[in-house]
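Peer 1: One structure coming up, written as structure tokens, with questions to follow.
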Amino acid sequence: MYQVKYADSVLYLKNQSNDYIVLPVGASAGTFSAFPEGIEIDDNTGAINVTKSETGLRYRITLYFAGRRNLFNTRGYFRFAV
């Protein structure tokens, strides 16, 4: 069983001039998706742009492995808070 992981399950906006980007930890190749809408995630890398994501929501991140038809248990829940 593979679990999508990020450094923390609660991400806070940071007061900085650049976008705050968070990368998944040890991610495999595949395609990332998220639910519900409102999160800014790179489909190829799983990088989350916290600055451009809607805050105060809980998101489900899913990774579909490359070359496989079935969805593996690849879900992680992440909540953004201000």
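Where a number appears in this text, it was derived from the coordinates with a stated rule and is not lab data. Note that this is a predicted model, so its numbers are computed, not measured.
Peer 1: Working only within the range 41-56, note down all residues that are among the small types (Gly, Ala, Ser) and within 13 Å of the chain's Cα centre (by Cα).
Peer 2: Passing the criteria: Gly46, Ala47, Ser53.
For every residue, the table says whether it meets (1) of a type outside the set (Phe, Trp, Tyr); (2) part of a strand (DSSP E or B); (3) on the phi > 0 side of the Ramachandran plot.
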{"residue": "Leu11", "(1), (2), (3)": "yes, yes, no"}
{"residue": "Asn15", "(1), (2), (3)": "yes, no, no"}
{"residue": "Asn18", "(1), (2), (3)": "yes, no, no"}
{"residue": "Gly26", "(1), (2), (3)": "yes, no, yes"}
{"residue": "Gly38", "(1), (2), (3)": "yes, no, yes"}
{"residue": "Asp43", "(1), (2), (3)": "yes, no, no"}
{"residue": "Tyr59", "(1), (2), (3)": "no, yes, no"}
{"residue": "Tyr64", "(1), (2), (3)": "no, yes, no"}
